[in-house]
Amino acid sequence: MKMINLLIALRFGLIFGLSFALGNLAFATDGGATEYSFSDRERGQQILTADDNYMNRMSAAEIAIRTSSVTADKTVQDLKKLYQASVLDWSKAEIAHITALVSANKKKLTSLQHLLPAEVTFIKVNDKVEGGLPHTRANAIILPLSGGPLTEKLFYHELFHVLSRHQLDKHHSLYGLLGFKPCDYRGNDEVNAKSLTNPDVPAAGYYLPVTLDGQASAIMTYLHAARAAFDPTIEKGFGGHFGFGLLKVKTDDGKCIVDTDAEGKAQLLNPAATADFFAAIGRNTSYIIHPEEVLAENFVFVMMGKKDLPNPEVMERLKTWLFQPILK
Ligand SMILES: [Zn+2]
């Protein structure tokens, strides 16, 4: 997901519907080249309404926010209906633009072949889906039209999420690049009632060991709904409803448990006041809501050859993770 408020503004455009061979560089022959396609409405609707771990873990508050309901009484079925009606047809010009973008990046994409699924598909939607924020589901990059044509930067950001989802069994090492470790996390009633599901983030828990006030502790990134339902007076619509903080957790025998205060309340830390957090994730990006997003931004830097980053070592670690099979 690519958000705007505390985060960054992005938008984009489109893609094409044909497939093409990606050349004969390394890995292109290992299982064939990835096909880039444009989903028609029916296929887009199937992917958007699928019961994946985005649809099946939403709180009532976040369904209300996503459906612009001022009361938290909407269901996943209501959300599916909205998404069903929000898939759009591609125009020839849109397809041509995205096709050209993918084609211009053919060589770089071929170098990622060993990590990508057999197909990446583009779905065009209106701004009712995820508040008009570009995001991914399954092997699909979902693009609203409001932000203008798809940029290379946004394409690589979203492609990372598709790549990452396709490499689910390697998430421990991937998030480990930022110091995060896996844990069995269930939250508690207070935390779960406000959780806001990022479609680009896996359901599994990852925590970062930190030192707080001289004590060994642990935190997890926590994206949450700042309101119990949709509030039409809030600026920035859907994106304006997001809250973010670092949730203090206790780790025990592979589990992460919410570390509550003396009154039994969850403790949320300000990232800016948590030095160990930035020591782990670096300061290459301000889009810090989950290690998956920090890595997506660093992936953009890898693919676009970004220079002069404050923490180039973070980007270099990701680069090694991505291309190690080629280096061997
Ligand atoms: Zn993202």
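Readers should treat all values here as calculations from the given coordinates under stated rules, not as data from a laboratory. For clarity, every value in this text was computed on a predicted model and none was experimentally measured. As a convention, Cβ positions derive from the backbone with ideal geometry for all residues, glycine included, and neighbour counts pool all protein chains shown.
When the Kirkwood radius is taken over all Cα pairs of the chain, what Stokes-Einstein diffusion coefficient follows at 20 °C and 1.002 mPa s, in µm²/s? Once the numbers are plugged in, D ends up at 105 µm²/s. Full extension of the chain segment joining D51 with A203 gains 53.4 nm, where the gain is 0.36 nm per residue of separation less the Cα-Cα distance. Applied to the range 58-73, the Karplus parametrisation 6.51 cos²θ - 1.76 cosθ + 1.60 on θ = phi - 60° returns per-residue 3J(HN,Hα) values of 8, 7, 4, 4, 6, 5, 4, 5, 6, 9, 6, 9, 6, 10, 8, 10 Hz, with x for Gly and Pro. Applying the Karplus relation 6.51 cos²θ - 1.76 cosθ + 1.60 with θ = phi - 60° to the range 295-303 yields 3J(HN,Hα) values of 5, 4, 5, 5, 5, 4, 5, 4, 6 Hz, where x marks Gly and Pro. By the rule of a C-alpha distance below 17 Å, with chain neighbours fewer than 8 residues away ignored, the lysines paired with K181 are K170, K248, K250, K255. If R0 equals 30 Å, the separation of the Cβ atoms of T320 and E152 corresponds to a calculated FRET efficiency of about 0.85. In a fully extended conformation the segment linking D78 and K107 would gain 6.2 nm over its present Cα-Cα distance, using 0.36 nm per residue. The alpha-carbon of K128 sits under 29 angstrom from the alpha-carbons of these lysines, leaving out residues fewer than 8 places away in its chain: K2, K74, K80, K81, K92, K153, K194, K236. A cut-off of 5 Å between modelled amide H atoms, ignoring neighbours fewer than 5 places along the same chain, links Y185 with G205, C256. Here the chain is assigned +1 on the Cβ of each Lys and Arg and -1 on the Cβ of each Asp and Glu. Its dipole about the Cα centre then comes out at about 720 debye.
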